[in-house]
Every structure is written in structure tokens, then in C-alpha cells.
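Engineer: The structure that follows is given in the form of C-alpha cells.
The values are calculated or read from the model by the stated rules, or taken from the named source; none is laboratory data. The shown structure was predicted, so the numbers you read here are calculated from the model rather than taken from an experiment. As a convention, Cβ positions derive from the backbone with ideal geometry for all residues, glycine included, and neighbour counts pool all protein chains shown.
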Amino acid sequence: MNRKKKLIAICIFIFSLVVISLFLPTWTPTIKGKNSISTLQQVEINGTKLEVMIRGNDRSNPIIIFVHGGPGCSEIPYVRKYQDLLEKNFTIVHYDQRGSGKSYHFFEDYSNLSSDLHVDDLLELTDHIKELLGQEKVILIGHSYGTYIGMKAANKAPNKFSMYIGIGQVSNSVQSELDSLSYTINEATLAGNLKDVKKLESLQNSIENGEVLTPRNLVRKYGGAARLINDNMDYYLGFLFSPEYNFLDAARYIKGVSLSQKILIPEERKHDITSIVDKLEIPCFIVMGKYDYMTSVNAAKTYFNEIEAPVKDFVIFDESAHYPQFEQKELFADWLNNTLEEFNN
């Protein structure tokens, strides 16, 4: 075979691999046990189809519904590696929100996308999960922007949930971003990166006016996003090797992030969560990583102090940033097990 034919053969082989990767069937690995559950499927919810992953050693265990952040950043591509301990004592539900990840449909109209629509989706999904698993209430956990949706859902329909847990809780966005800016400038100064310092200082007025966010690439660069994991690498490896996602799903993810953030971030800035929800009728727990400057601990604590709830607690994980449930997964699992045990007693 001459060189030209070899090159053509290689190109055809690579093209074939890409096509196969685009349309590979997806699934979530089986959990052994006669009462276990491990499903990944599209579910008709509130006029759209949402991708829902349910995993647990015993489907009769308490249910947790996780609301992912971003906006638009599904955690299904990689989350299994961090929830193995939780699956022993809980039935874990993750879903890709409307217009996000595997729930992004190329020809669907998303012009009406809003946090209120996400709340309605979550409440209908909650009813579906309760009926499917035969339980009356679920534990609601929001992460990052997912806490914006989660707080509104818990406030709107407290009877559906046994408790609310906000991880990386959003709060007053300007206060949080100013904390983030101050931290990042300080770390950049200590590192001697004057170019970064100059760029960050130029954003002071815009951030004070609620016009922009502290650049997330710089927050991440200086340890304000993750300390003990590489969150970006988790996504890359998930897109490449996770059985839950194929390459077409990765394309959906990218489209969904762009769509969701363009619509939902300005909405969050305009309608601050602290002016929307100041009272919950169910137990409220705020869980933060000490070094979280994606959603600052200081701003979250200020908001926590203003929230009325029958039971509430503010928990800090000392070695993590924006992902304490992943960065310190053993400690988080212990905390959640102990919290539920105390609550039930």
C-alpha cells in the first residue's frame, strides 16, 4: 500500500471512530443487589424531555435530588466517581436541566428559559421520582447556581422536601463577586503576576455595579474553585470515557452552557436570591468550602444569617473550595449520614 492509500485509510479510520463516538449508546453501570437501582433515561417532564440518572444500592433508601450549577453545567458526565459512598445509604438522582447537557435538544425552542421554568421542572420531576420510588419526600441538594433554583423550589413547595442543602450557596451576587475579586487580586499579587493584578483591578467598578463577574479562569487559577480535584479535567475525561455521555452529548453540553448562561446569569444578577427567599419552612443547611470564591463563604454566611428556618446550620469544609462534596467526599458523606440520623431522631 503506497503512502497516499495509507493516509486515506487512516483518515477513514479516524472519521469512523468519530462517527461511532458521536452516536454510541449511553448507559450507567449496574449496581449489584436485588433492590438496587441504576438507570439513565429521558423522562417527559413539563413539556420537555430531561435526562435523569438514578443510582443507589437500595431503592428504598432516602432519595436525594441534586440540582446542578453552571448555569448549564451537568454533572452526570463525571459524578459517579464522587458519589459511591452516598449510593450506599441514599438513592441519588441527577438530572440535566432543560436546555443543558443531554437535555439540550437541537430543535427545541428555549426562548422562554428562566429560573422559574427550571423550578417548575424540578417540582414535576420530584413528583415523578417520588411516585417511581414510592416515597413521600426527598432531600433537595443544590450546587452553585443550582442553589438558586433549589432555594426557590424549597420555598415554593416545601411539602415535597424533607430538607434543603445548599452547597456553594449563591447569595448577594455583588458582595460575592467583590469577595472573589479581592481574594484573586491578593493571590495574584502574592504570586507576582502583575498582569493578572492589573486586569482584575480594572474590573472593580464593573463588578461593584453588578455588570460582570470576576473572571472564572483567574478564580480557578488561584485556587478559588477547587483545591483537591481538577474539575475541568473531570469534564474532559467524562466526555471521553464516561458511558453516560457520548461525543454528541458533549456537543449538546457545550451548546447548553452557552444558551443557559446567556439567559440565566443576567436574570440572577437582576433578581438576587436574597431578595426572593428569606424564609424556608423546612430544615436548611448551607455547606461551603473554606476557599470557595466562585460563591464566597462570607456572602453565603451573611445570607444564611438572614434566612428563617425551623432548623438551620452553616457548615464549612476546611480543605476544599467550590466542591466540598467532591473534594472531601468521605467527610461530606459522613456529615450527611450523621445529619440525617440526628434529624430522624
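Engineer: Does residue 182 qualify as being in contact (Cβ under 8 Å) with a residue 40 or more places away in the chain and of a type in the set (S, T, N, Q)? Spell out the reasoning first.
Structural biologist: Numbers: in contact (Cβ under 8 Å) with a residue 40 or more places away in the chain: no; of a type in the set (S, T, N, Q): yes.
Considered against the rule, which asks whether it is in contact (Cβ under 8 Å) with a residue 40 or more places away in the chain and of a type in the set (S, T, N, Q), residue 182 comes out as no.
Engineer: Further question on the same structure: Considering each of 254, 229 in turn, give the residue that is of a type in the set (Val, Ile, Thr), in contact with an Asp or Glu (Cβ under 8 Å, 6 or more places away or on another chain) and more than 30 Å from residue 158 (Cβ to Cβ). Even if it seems obvious, please write down each step before you answer.
Structural biologist: On the way: 254 fails: in contact with an Asp or Glu (Cβ under 8 Å, 6 or more places away or on another chain).
Sole residue among the options that is of a type in the set (Val, Ile, Thr), in contact with an Asp or Glu (Cβ under 8 Å, 6 or more places away or on another chain) and more than 30 Å from residue 158 (Cβ to Cβ): 229.
Engineer: Go through 179, 196, 249, 278 for me and flag whichever is under 20 Å from the mean Cα position of the chain (by Cα) and among the acidic types (Asp, Glu). Spell out how you get there, then give the answer.
Structural biologist: Values: 179 fails: under 20 Å from the mean Cα position of the chain (by Cα); 196 fails: under 20 Å from the mean Cα position of the chain (by Cα); 278 fails: under 20 Å from the mean Cα position of the chain (by Cα).
Only one candidate qualifies: 249.
Engineer: With 225, 250 as the choices, which residue is within 16 Å of residue 70 (Cα to Cα) and either charged (D, E, K, R) or outside any helix (DSSP H, G or I) (or both)? Please lay out each step first, then the result.
Structural biologist: Numbers: 250 fails: either charged (D, E, K, R) or outside any helix (DSSP H, G or I) (or both).
Result of the check over 225, 250: 225.
Engineer: Moving on to the next point. Kindly provide the set of residues from segment 145-167 that are surrounded by 23 or more Cβ atoms within 10 Å (Cβ to Cβ), small (Gly, Ala, Ser) and under 21 Å from residue 332 (Cβ atoms), ordered by number.
Structural biologist: Those that are surrounded by 23 or more Cβ atoms within 10 Å (Cβ to Cβ), small (Gly, Ala, Ser) and under 21 Å from residue 332 (Cβ atoms): 146, 150, 154, 166.
Engineer: Return the pair list, or none, for Cβ contacts closer than 7 Å from residues in segment 110-131 that are closer than 14 Å to residue 156 by Cα and touching a residue at least 24 places away in the same chain (Cβ under 8 Å) to residues that are of a type in the set (Phe, Trp, Tyr) and buried (at least 21 other Cβ atoms within 10 Å of the Cβ), at least 6 apart or on different chains.
Structural biologist: Once the first residue is closer than 14 Å to residue 156 by Cα and touching a residue at least 24 places away in the same chain (Cβ under 8 Å) and sits in segment 110-131, its partners that are of a type in the set (Phe, Trp, Tyr) and buried (at least 21 other Cβ atoms within 10 Å of the Cβ) give 115/148.
Engineer: Ok, one more. What are the pairs, 6+ residues apart or on separate chains, where a residue within segment 64-81 that is touching a residue at least 40 places away in the same chain (Cβ under 8 Å) and farther than 14 Å from residue 100 by Cα has its Cβ under 6 Å from a residue that is buried (at least 22 other Cβ atoms within 10 Å of the Cβ) and of a type in the set (Phe, Trp, Tyr)?
Structural biologist: Once the first residue is touching a residue at least 40 places away in the same chain (Cβ under 8 Å) and farther than 14 Å from residue 100 by Cα and sits in segment 64-81, its partners that are buried (at least 22 other Cβ atoms within 10 Å of the Cβ) and of a type in the set (Phe, Trp, Tyr) give 64/90.
Engineer: Would you pick out the residues in segment 316-345 that are surrounded by 15 or more Cβ atoms within 10 Å (Cβ to Cβ) and closer than 22 Å to residue 279 by Cα? Outline the logic, then answer.
Structural biologist: Taking segment 316-345 and keeping what is surrounded by 15 or more Cβ atoms within 10 Å (Cβ to Cβ), we get 316-317, 320-329, 331-333, 335-337, 339-340.
Selection gives 316, 339, 340.
Engineer: Right, something else. Counting just the residues of segment 22-55 that are among the basic types (Lys, Arg) and part of a loop (DSSP other than H, G, I, E, B), which one comes out nearest to residue 129 (Cα to Cα)? Break it down stepwise before answering.
Structural biologist: First, pick out the residues of segment 22-55 that are among the basic types (Lys, Arg): 32, 34, 49, 55.
From what's left, part of a loop (DSSP other than H, G, I, E, B): 32, 34.
On the way: 32: 21, 34: 19 Å.
Among those residues, the one meeting the criterion is 34.
Engineer: To continue, here is another question. State all residues of segment 56-98 that are over 30 Å from residue 262 (Cα atoms) and either in a strand (DSSP E or B) or in contact with an Asp or Glu (Cβ under 7 Å, 6 or more places away or on another chain) (or both); if no residue qualifies, say none.
Structural biologist: 56, 57, 63, 85, 91
Engineer: If we keep just the residues of segment 146-181 that are of a type in the set (A, V, I, L, M, F, W, C) and part of a strand (DSSP E or B), which is farthest from residue 301 (Cα to Cα)?
Structural biologist: Filtering segment 146-181 for residues of a type in the set (A, V, I, L, M, F, W, C) gives 149, 151, 153-154, 157, 161, 163, 165, 167, 170, 174, 178, 181.
Add one more test, that the residue is part of a strand (DSSP E or B), and what stays is 161, 163, 165, 167.
Details: 161: 23, 163: 18, 165: 14, 167: 12 Å.
Among those that are of a type in the set (A, V, I, L, M, F, W, C) and part of a strand (DSSP E or B), it is 161.
Engineer: Residues 270, 255: which one is surrounded by fewer than 15 Cβ atoms within 10 Å (Cβ to Cβ), closer than 30 Å to residue 176 by Cα and of a type in the set (Lys, Arg)?
Structural biologist: Values: 255 fails: surrounded by fewer than 15 Cβ atoms within 10 Å (Cβ to Cβ).
Only one candidate qualifies: 270.
Engineer: Also, I was wondering about something else. Considering only residues of segment 20-59 that are touching a residue at least 40 places away in the same chain (Cβ under 8 Å) and of a type in the set (Ser, Thr, Tyr), which is nearest to residue 104 (Cα to Cα)?
Structural biologist: 48
Engineer: Against the conditions (1) without any contact (Cβ under 8 Å) to a residue 12 or more places away in the chain; (2) under 30 Å from residue 327 (Cα atoms); (3) part of a helix (DSSP H, G or I), where does residue 218 fall short? Just the number, please.
Structural biologist: Condition (1) is where residue 218 drops out.
Engineer: Tell me which residues, restricted to segment 88-125, are under 17 Å from the mean Cα position of the chain (by Cα) and either modelled with pLDDT under 95 or of a type in the set (Ser, Thr, Tyr) (or both).
Structural biologist: Of everything in segment 88-125, those that are under 17 Å from the mean Cα position of the chain (by Cα) and either modelled with pLDDT under 95 or of a type in the set (Ser, Thr, Tyr) (or both) turn out to be 95, 100, 103, 104, 114, 115.
Engineer: May I pose another question? So which helices (runs of 4 or more DSSP H) are wholly in segment 262-345 and hold at least 1 residues that are without any contact (Cβ under 8 Å) to a residue 60 or more places away in the chain?
Structural biologist: Details: elements: 297-306, 324-327, 329-344.
Those helices (runs of 4 or more DSSP H) span 297-306, 329-344.
Engineer: Here's something else I'd like to know. Give the residue, chosen from 121, 84, that is touching a strand residue (DSSP E or B) at 6+ places or on another chain (Cβ under 6 Å), surrounded by fewer than 24 Cβ atoms within 10 Å (Cβ to Cβ) and among the charged types (D, E, K, R). If you could, list the steps in order and put the result at the bottom.
Structural biologist: Details: 84 fails: touching a strand residue (DSSP E or B) at 6+ places or on another chain (Cβ under 6 Å).
Criteria check complete, one pass: 121.
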